[in-house]
Amino acid sequence: MDHRIRQLNYHPLAQINQPVKKPLDPNRTSFKDLLDTLQTEQSSLKISKHAEKRLNERNIHIDQELWQRIEQKVNEAKVKGVHDSLVVTDQAALIVSAKNNTVITAMDRQEASSQIFTNINGTILM
C-alpha cells in the first residue's frame, strides 16, 4: 500500500460554468426607475375606511389643493422621522400615519378641541 500523499489538479468549483453577461436592453427599465415609481405611488395619501366614514358623517370636505398640501407636509414630516401625526386644518383635524401614508381618522375642529391625542409624535398645522 502506498502511503504517499498525491496532489490532484482537480477542484470542484473550477467545473462550474461562469454566467455569460448579456448586453443591457435599452428598453428595459432600471431598478432606480422602478423604485422612483413605487415611491411616487406610495407617496399619495390613502384614506382608511374608518376615516372615510368619519369624513362623510361629519360633513368634512377637503379640496384637492389642500390634500396635496397635506400630502407634501406629511412627506416632509416622514423625512424628519415622524410616524404618526396630527394634521390640523381650518375645518378638520386628521390623524395620519406618515409611515403608511394613511389617514386613520378625521374629526371637525370643534370636536377636536375637546379631544386628547395620544400616540402621535408630530403635529402639522395647515
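What to note about this one:
- Residue count for segment 65-82 under the criterion of being in contact with a strand residue (DSSP E or B) (Cβ under 8 Å, 6 or more places away or on another chain) and within 14 Å of VAL103 (Cβ to Cβ): the result is 4.
- Complete set of residues in segment 50-67 that are surrounded by 15 or more Cβ atoms within 10 Å (Cβ to Cβ), within 20 Å of THR118 (Cβ to Cβ) and either out of contact with any Ser or Thr (no Cβ under 8 Å at 6 or more places or on another chain) or not small (Gly, Ala, Ser) (or both): ARG54
- Top-ranked residue of segment 47-62 - restricted to ones that are over 23 Å from the mean Cα position of the chain (by Cα) and in a loop (DSSP other than H, G, I, E, B), ranked as farthest from GLU111 (Cα to Cα): HIS61
- Residue list for segment 106-121, restricted to those being loosely packed, with under 15 Cβ neighbours inside 10 Å and within 19 Å of GLU57 (Cα to Cα): ARG109, GLN110, GLU111, SER113, SER114, GLN115
- Strands (runs of 3 or more DSSP E) contained in segment 63-116 and holding at least 2 residues over 18 Å from the mean Cα position of the chain (by Cα): 92-97, 102-108
- Close pairs (9 angstrom Cβ cut-off, 6 or more residues apart or separate chains): free of Cβ contacts under 8 Å to residues at least 24 places away in the same chain in segment 105-126, of a type in the set (Val, Ile, Thr) and surrounded by 13 or more Cβ atoms within 10 Å (Cβ to Cβ) anywhere: ARG109/VAL88; ARG109/THR89
- Which numbered condition ILE70 misses (of (1) surrounded by fewer than 11 Cβ atoms within 10 Å (Cβ to Cβ); (2) β-branched (Val, Ile, Thr); (3) in contact (Cβ under 8 Å) with a residue 40 or more places away in the chain): (1)
Readers should treat all values here as calculations from the given coordinates under stated rules, not as data from a laboratory. Since the model is a prediction, treat every value here as computed from it, not as a measurement. FYI the Cβ positions are ideal-geometry reconstructions off the backbone, even for glycines, and counts take in every protein chain you see.
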